[in-house]
Amino acid sequence: MPTSHPRPLIVVIENDGQLADAIGFLLHDWGFTAVPAKSAAAAARVLGPRIKDVSAVIADYHLDDGFTGINVTRKNARTRRVQIPDECEPKAWPWG
């Protein structure tokens, strides 16, 4: 009997609910469990203790209340004590 593997958990932080849902459906089709949220705080509330199981975060750049996806990603990385690769930092982007 084959062993079932849990789907990797991805948080989609996008303040446009329809877009977040669309990305979530696409990720589900690709074999992931997606949790759409309009903010990092909303994601934390929805996930609760499962927040430690998050494999990746996809965050929109322009979020509400002056936040950006970069702010959210950096805070998540500090909280989880994860290093963000240099190529993910804006200074490494050719247009930034």
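Throughout, read-outs are computed from the coordinates displayed, never taken from laboratory work. Since the model is a prediction, treat every value here as computed from it, not as a measurement. Cβ placement follows ideal geometry from the backbone for every residue including glycine, while neighbour counts extend to all protein chains displayed.
Details
- In order along the range 42-54, the Karplus-derived 3J(HN,Hα) couplings, from 6.51 cos²θ - 1.76 cosθ + 1.60 at θ = phi - 60°, round to 5, 4, 4, 5, 5, 6, x, x, 6, 4, 5, 8, 5 Hz, and Gly and Pro are given as x.
- Scoring 43-54, 18-29 by mean Cβ neighbours within 10 Å over their residues and listing the highest first yields 18-29, 43-54.
- Between amide H atoms placed 1.01 Å from N, distances below 5 Å from residue 59 occur with 13, all of them 5 or more places distant or on a separate chain.
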